[in-house]
Amino acid sequence: QLQLVESGGGLVQPGGSLRLSCAVSGFTLDYSAIGWFRQAPGKEREGVLCISRRGTTWYYSDAVKGRFTISRDNVKNMVYLQMNSLKPEDTAVYYCARRENYCSGRSNEYDSWGQGTQVTVSL
């Protein structure tokens, strides 16, 4: 079975940084795109960043551009989301999800999801 497990969330002050990790099993990253999504209380889920099989970054929102970066380690079967200059509005549950080969703007085209990790940005 395909499985994704997020980790690295927690409480951080505004302006701080966090790195989220997504450990995958049951499939190879060589043929996968991994997207990061988030859902804040009372809001709909939104896409953050995605990295394709070929390493191309897909930006879902200008709100994180210039602050967040996505990377992958195919040998370790890990995908990372580096978050810098965090703002209170970044507070959300962050999810990683898998789609075959390439990124998509449609979240329902991702066929496997992790359980999420909580990120809270507050003083």
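The table that follows gives values for the structure above.
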{"read-out": "Leading residue by the ranking (least open to solvent (accessible area, probe 1.4 Å)) among those in region 59-70 that are outside any loop (DSSP other than H, G, I, E, B) and more than 10 Å from Ile34 (Cβ to Cβ)", "value": "Phe68"}
{"read-out": "One residue from Arg53, Arg38 being closer than 21 Å to Leu11 by Cα and not small (Gly, Ala, Ser)", "value": "Arg38"}
{"read-out": "Residue list for region 21-78, restricted to those being more than 18 Å from Tyr110 (Cα to Cα) and of a type in the set (Phe, Trp, Tyr)", "value": "Phe68"}
{"read-out": "Search result, residues across region 74-123 that are part of a strand (DSSP E or B), of a type in the set (Lys, Arg) and open to solvent by 40 Å² or more (accessible area, probe 1.4 Å)", "value": "Arg99"}
{"read-out": "One residue from Leu29, Leu20, Leu81, Leu49 being over 17 Å from Val121 (Cα atoms) and within 12 Å of the chain's Cα centre (by Cα)", "value": "Leu49"}
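The values are calculated or read from the model by the stated rules, or taken from the named source; none is laboratory data. Computed from a predicted model, the values in this text were never measured in an experiment. Here the Cβ is made from the backbone with ideal geometry for all residues, glycine too, and neighbour counts use every protein chain on show. These accessible areas exclude ligands, DNA and RNA; they are computed on the full protein's heavy atoms, side chains included. Shrake-Rupley method; radii C 1.70, N 1.55, O 1.52, S 1.80 Å.
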